[in-house]
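All remarks here apply to the structure that follows.
The values are calculated or read from the model by the stated rules, or taken from the named source; none is laboratory data. Fair warning: this is a prediction, and the values are worked out from it, not measured in the lab. Quick reminder, even Gly has a Cβ in these numbers, built from the backbone with ideal geometry, and neighbours come from all protein chains shown. These accessible areas exclude ligands, DNA and RNA; they are computed on the full protein's heavy atoms, side chains included. Shrake-Rupley method; radii C 1.70, N 1.55, O 1.52, S 1.80 Å.
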Amino acid sequence: MTVSAIEYQLRSSEATWTYARWEQLPDDGNRYEVIDGVLYMTTAPNNRHQFIVTRLVLQVGAPLEAAGVAMFAIAPIGVIMPGCDPVQPDFLVIRAERAHSITADERIRIVPDLIAEVLSPSNPEHDLLTKRAAYARAGVPEYWIVRPDTRDVLLLSDPDPAAADFGTAATAAYGADLVSPTLPIRVAVAALFDLPPVLRQPAEPTA
């Protein structure tokens, strides 16, 4: 394998990887994904990344589940869909009426209704280029790229599998609301990046 971004991501030099080979990889804390036969290995994410994933769960996933609209899942989880054998999105949503399609081995073998990735500053091309093209080819209806450095979210929808891209792109800026074009989701962008007010208060001095 060759290094593609410092020590944070590796990719195979050959495009011969399959789901069967992926299943033999060790459970060592790294994230392994196969896209178009190429194996990508990403090291464990940092605290800021995981904080944002937690915000996605609390602000998006949990409300959808509570309303009976959809279920959510977070990495590590295997999602098998055309060209992806598998991928492990940071966060995904599947409408309630399709949730029964999750297989007995607990892999997701259908195209999620929404995928969100938190952009890694060490290797942004993986989410912005590689996964953007892969998700469009697979027909993912909506793809969010959450960008910590600019504190905004790139919303992509209307996938065009033949073009390997999305037909519609919009940016939800910090201070505005993120409104999903395909799901009943409306959330303040700031809520994905900021601590809740109760945790922003300084700790009381101890006696």
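Tell me the per residue accessible area of region 10-96 using a 1.4 Å probe; a whole number in Å² is fine.
Details: 3840 Å² over 87 residues.
Accessible surface, normalised per residue, equals 44 Å².
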Exercise. How large, in percent, is the carbon and sulfur part of the accessible surface of region 29-83 at a probe radius of 1.4 Å?
Worked result: 60 percent
Exercise. Using a simple charge model, +1 on the beta-carbon of Lys and Arg, -1 on the beta-carbon of Asp and Glu, nothing else, what dipole does the chain show about its Cα centre, in debye to the nearest 20?
Worked result: 240 debye
Seminar exercise, completed: Ordering W144, W22 by the accessible surface of their heavy atoms, 1.4 Å probe, largest first, yields W22, W144
Problem set entry | Efficiency of FRET between H100 and L129 - r from beta-carbon atoms, R0 35 angstrom, step 0.05 | 0.55
Problem set entry | Apportionment of accessible area to carbon and sulfur, region 104-162, percent (1.4 Å) | 51 percent
Seminar exercise, completed: Stokes-Einstein D for the chain (20 °C, 1.002 mPa s, Kirkwood Rh from Cα pairs), in µm²/s, comes to 120 µm²/s
Exercise. Of G29, N47, L10, which is farthest on the positive side of the dipole of region 10-51, counting Cα position, with +1 on Lys and Arg Cβ, -1 on Asp and Glu Cβ, and the Cα centre as origin?
Worked result: N47
Exercise. How much solvent-accessible surface does S12 expose, in Å² to the nearest 10, with a 1.4 Å probe and all protein chains in place?
Worked result: 0 Å²
Exercise. Normalised by the number of residues in the chain, what is the relative contact order in percent for Cα pairs under 8 Å and 6+ residues apart?
Worked result: 14 percent
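Sorted by accessible area with a 1.4 angstrom probe, largest first, how do V111, V189 fall? Present the calculation step by step, with values, prior to reporting the outcome.
Numbers: V111 30, V189 0 Å².
Listed by decreasing accessible area, they come as V111, V189.
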Problem set entry | In Å², nearest 10: area of V69 left accessible to a 1.4 Å probe | 40 Å²
